[in-house]
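Enquirer: Have a look at this one.
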Amino acid sequence: MALNTWLVRIFLVSVLSVWIYADYRLSLDVPLNLAGPFTLHLRKGEGVRALGQRLRSEGILKEPLWLIILTYSSGNARNLKFGDYVLKPGLTPRVLLDQVVSGKSRQVPVTLIEGMNFRELLKILNQHPVIQHELSAKSPGEIMTLLGETGLPAEGAFFPDTYFTSAETSDLDILRKARRKMQSVLNVEWQGRDPSVPYPTAYEGLIMASIVEKETGHVSERAAIAGVFVRRLNQHMRLQTDPTVIYGLGEAFDGDLRKEDLRRDTPFNTYTRSGLPPTPIALPGRDAIHAAMHPQ
């Protein structure tokens, strides 16, 4: 009798063990409850328990226990990488764990806007909630040195565009991409320029492009505006363009350009000085660069 009881217990334990193991394996390979793509933000320092509870509260994961057990049993409890992840229909808990351990973060946009200046560009990077921040305390000159271009002014050096990145990417990485793209775009436009343009270097063409960018937001007007400025240069006239005055005033500009501002001499004031300003005054986009190289 005792032997039969012992055998029954062994049988029940065995059945229970098999059922638990089967449920464990099955639960990890059953797709999450996703009707469509879901963006999961894994916070820095957040553990698998908190993650599992959050997925359950969202109705995505019925039982987080098995995900938690898998994470600990695989030695990955401390290996979760924070960032944004896109969970797509068909994704299983097992694959989800692989993603957050490998750090395959969702690509998030960082947009540098045409016409903004370098100070405004840095503000966008500094306020971005996802990327890593390495440049907050750096001067423009120090930043250019980090990019390997000591002595090159930062203003106008970066191409305005939307760059997709992940949580592991730094603001310096984004500037590196934007710098490479500006070099590429400027080189193509310079090589295909109208041979009559009066600028001896691509950099001076970039300066003109930045002025054109700030003068108008209408693409159809840019080549004509570039033509006006080119004719003034050829006739040794001053450009007399307000955006250069505003740029020269810097943070002292209060939004109201006065007559005395036009007479206030700065290196960028094209009412008081002849020729082009010493540097670009903004980030010019492709259309403005093309217009500067093909004035009408």
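The values are calculated or read from the model by the stated rules, or taken from the named source; none is laboratory data. Quick caveat: nothing in here was measured; it's all calculated off a predicted structure. When we count neighbours, we look across all protein chains shown, and the Cβ atoms used for this are built from the backbone with ideal geometry, even at glycine.
Enquirer: Of all residues in segment 273-285, which are over 10 Å from T244 (Cβ atoms) and out of contact with any helix residue (DSSP H, G or I) (no Cβ under 6 Å at 6 or more places or on another chain)?
Expert: Selection gives S274, G275, P278, T279, L283, G285.
Listed here are the residues, each with its yes/no results for (1) part of a loop (DSSP other than H, G, I, E, B); (2) surrounded by 23 or more Cβ atoms within 10 Å (Cβ to Cβ).
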residue	(1), (2)
D256	yes, no
E260	no, no
P278	yes, no
I281	yes, yes
P284	yes, yes
H290	no, no
Q296	yes, no
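Enquirer: Would you tally the residues in segment 162-185 being in a strand (DSSP E or B) and either under 16 Å from G285 (Cβ atoms) or of a type in the set (S, T, Y) (or both)?
Expert: Restricting attention to segment 162-185, the residues satisfying the condition of being in a strand (DSSP E or B) are 162-165, 170.
Subsequent filtering for residues that are either under 16 Å from G285 (Cβ atoms) or of a type in the set (S, T, Y) (or both) retains 162-163, 165, 170.
Residues meeting the conditions: 4.
Enquirer: Still on this structure, I have one more. I need every pair where a residue in segment 138-163 that is in contact (Cβ under 8 Å) with a residue 24 or more places away in the chain has its Cβ under 6 Å from the Cβ of a residue that is surrounded by fewer than 15 Cβ atoms within 10 Å (Cβ to Cβ) and aliphatic (A, V, I, L, M), sequence separation at least 6 or different chains.
Expert: What qualifies is P160/I113.
Enquirer: Residue under question is P93, and the condition is that it be closer than 24 Å to G36 by Cβ and free of Cβ contacts under 8 Å to residues at least 40 places away in the same chain; does it hold? Spell out the reasoning first.
Expert: Working: closer than 24 Å to G36 by Cβ: yes; free of Cβ contacts under 8 Å to residues at least 40 places away in the same chain: no.
Considered against the rule, which asks whether it is closer than 24 Å to G36 by Cβ and free of Cβ contacts under 8 Å to residues at least 40 places away in the same chain, P93 comes out as no.
Enquirer: Specify the residue that is nearest to A288 (Cα to Cα); the eligible residues are those in segment 229-254 that are of a type in the set (A, V, I, L, M) and under 35 Å from the mean Cα position of the chain (by Cα).
Expert: Applying the first criterion (of a type in the set (A, V, I, L, M)) to segment 229-254 yields 230, 233, 237, 239, 245-246, 249, 252.
Narrowing further to those that are under 35 Å from the mean Cα position of the chain (by Cα): 230, 239, 245-246, 249, 252.
On the way: V230: 14, L239: 17, V245: 19, I246: 19, L249: 23, A252: 27 Å.
Applying the filter and picking the extreme gives V230.
Enquirer: Restricting attention to segment 136-175, and to residues there that are more than 21 Å from N187 (Cβ to Cβ), of a type in the set (A, V, I, L, M) and under 14 Å from the mean Cα position of the chain (by Cα), which single residue is modelled with the lowest pLDDT?
Expert: Per the criteria, the residue is A167.
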